[in-house]
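Asks: Let me give you the structure first, and then I'll get to my questions.
The values are calculated or read from the model by the stated rules, or taken from the named source; none is laboratory data. In this text the structure is predicted, and so the values were computed from the model without any measurement. Using ideal geometry, Cβ is built from the backbone for each residue, glycine included, and neighbour counts are taken over all protein chains shown.
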Ligand SMILES: Nc1ncnc2c1ncn2[C@@H]1O[C@H](COP(=O)(O)OP(=O)(O)OP(=O)(O)O)[C@@H](O)[C@H]1O
């Protein structure tokens, strides 16, 4: 064995696989699902999912309707706590700490792991400025210079600053659909989350607005770790570094996007990717 072939024993197998796939050696899991199962009553919404979510990368979750993508995504920031019928088993580690461990505050979890939804949902009565700072105000931040800085930083990160900097006091609802979605991204970024979960963030948008959100992804991942659910396989291929393929409540395959799309290991993934299924 040469020096280059020596590997530390502690490298998780999937990380090792990613490296073997030619990906950079500095990959670090920001989150890790370990045997995550979500029940709706007695029914399993998604079962026994284990996968890493690498820091400062985009991970796409794909698969046919009803396969459990959204259910899994919502388990990553304890959104199911708000659904009485839902119950979660297993672990979701954030920087090695289980977000479901006793004593962990779900509000703090959702500050550290933000979420953007399918339909843009700015607060309808608030201005652009007040939409962005809504989360910070809940956290008790009051100083104007801190809020001003957060507004500019978040809107820049969401690639919206240049379009709105002269009308920050206009209603959030006066923006176009694509701008509203970027406003929601800015609102999520304002509290400086480590992870941003995006549930089909472009499915309600026109092609030009969709492209502006897709273009944003490579910038976003400099600041946060992104997980995106998408129905659109081309979108997953364009924007993501890693892909998980779900089918009937199960994670069938996870790996670097280039590998999942060109050399899927599981015949069920191949059938989906090649359009023979789903
Ligand atoms: N609140 C709920 N109560 C009961 N069952 C639910 C609930 N939400 C989702 N399910 C079920 O859990 C399974 C997974 O649904 P989920 O919405 O996660 O799939 P999905 O892959 O995101 O689908 P889509 O692409 O259509 O959004 C489905 O069988 C769905 O009917």
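Asks: Please give the number of the condition residue 93 fails out of (1) under 16 Å from the mean Cα position of the chain (by Cα); (2) within 16 Å of the ligand (Cβ to nearest atom); (3) more than 19 Å from residue 155 (Cα to Cα).
Replies: Result: residue 93 fails condition (2) only.
Asks: Please work out which one of (1) part of a helix (DSSP H, G or I); (2) out of contact with any helix residue (DSSP H, G or I) (no Cβ under 9 Å at 6 or more places or on another chain); (3) farther than 18 Å from residue 135 by Cβ is the condition residue 102 fails and give its number.
Replies: Every listed condition holds for residue 102 apart from (1).
Asks: Here's something else I'd like to know. For residues that are within 16 Å of the ligand (Cβ to nearest atom) and loosely packed, with under 14 Cβ neighbours inside 10 Å, tally how many sit in region 202-222.
Replies: 0
Asks: Taking the conditions exactly as written (more than 15 Å from residue 67 (Cβ to Cβ), in contact with a strand residue (DSSP E or B) (Cβ under 9 Å, 6 or more places away or on another chain) and either crowded, with 18+ Cβ neighbours inside 10 Å or modelled with pLDDT under 95 (or both)), does residue 225 satisfy them or not?
Replies: Considered against the rule, which asks whether it is more than 15 Å from residue 67 (Cβ to Cβ), in contact with a strand residue (DSSP E or B) (Cβ under 9 Å, 6 or more places away or on another chain) and either crowded, with 18+ Cβ neighbours inside 10 Å or modelled with pLDDT under 95 (or both), residue 225 comes out as yes.
Asks: Can you tell me which residues in region 233-278 are more than 15 Å from the chain's Cα centre (by Cα) and assigned to a loop (DSSP other than H, G, I, E, B)?
Replies: 248, 249, 263, 264, 265, 266, 274, 275, 276, 277, 278
Asks: Looking at region 164-177 only, could you name the residues that are part of a helix (DSSP H, G or I) and crowded, with 16+ Cβ neighbours inside 10 Å?
Replies: Result: 164, 172, 173.
Asks: Look at residue 159 and say whether it is at pLDDT 95 or above and either surrounded by 15 or more Cβ atoms within 10 Å (Cβ to Cβ) or part of a helix (DSSP H, G or I) (or both).
Replies: Working: at pLDDT 95 or above: no; either surrounded by 15 or more Cβ atoms within 10 Å (Cβ to Cβ) or part of a helix (DSSP H, G or I) (or both): yes.
For residue 159, the condition - at pLDDT 95 or above and either surrounded by 15 or more Cβ atoms within 10 Å (Cβ to Cβ) or part of a helix (DSSP H, G or I) (or both) - is not met.
Asks: Identify all residues within region 34-67 that are within 14 Å of the ligand (Cβ to nearest atom) and within 19 Å of residue 195 (Cβ to Cβ); write none if there are none.
Replies: If the condition is that a residue be within 14 Å of the ligand (Cβ to nearest atom) and within 19 Å of residue 195 (Cβ to Cβ), then 36, 38, 46, 49, 60, 61, 62 are the ones that fit.
Asks: Any chance region 180-199 includes a residue that's under 15 Å from the mean Cα position of the chain (by Cα), within 16 Å of the ligand (Cβ to nearest atom) and surrounded by fewer than 18 Cβ atoms within 10 Å (Cβ to Cβ)?
Replies: no
Asks: While we're here: Output the number of residues of region 134-156 satisfying the condition of being outside any loop (DSSP other than H, G, I, E, B) and modelled with pLDDT under 95.
Replies: Filtering region 134-156 down to residues outside any loop (DSSP other than H, G, I, E, B) leaves 134-138, 144-156.
Adding the requirement that they be modelled with pLDDT under 95 leaves 138.
The number of residues fulfilling the criteria is 1.
Asks: In region 212-232, which residues are over 12 Å from the mean Cα position of the chain (by Cα) and more than 17 Å from residue 117 (Cα to Cα)? Give the steps one after another, and end with the answer.
Replies: Taking region 212-232 and keeping what is over 12 Å from the mean Cα position of the chain (by Cα), we get 212-216, 218-219, 222-223, 231-232.
Scanning region 212-232 gives 215, 218, 219, 222, 223.
Asks: Of all residues in region 68-81, count the ones that are more than 6 Å from the ligand (Cβ to nearest atom) and in a helix (DSSP H, G or I).
Replies: So in region 68-81, the residues more than 6 Å from the ligand (Cβ to nearest atom) come out as 72-81.
Okay, now just the ones that are also in a helix (DSSP H, G or I), so 72-75, 79-81.
Number of matching residues: 7.
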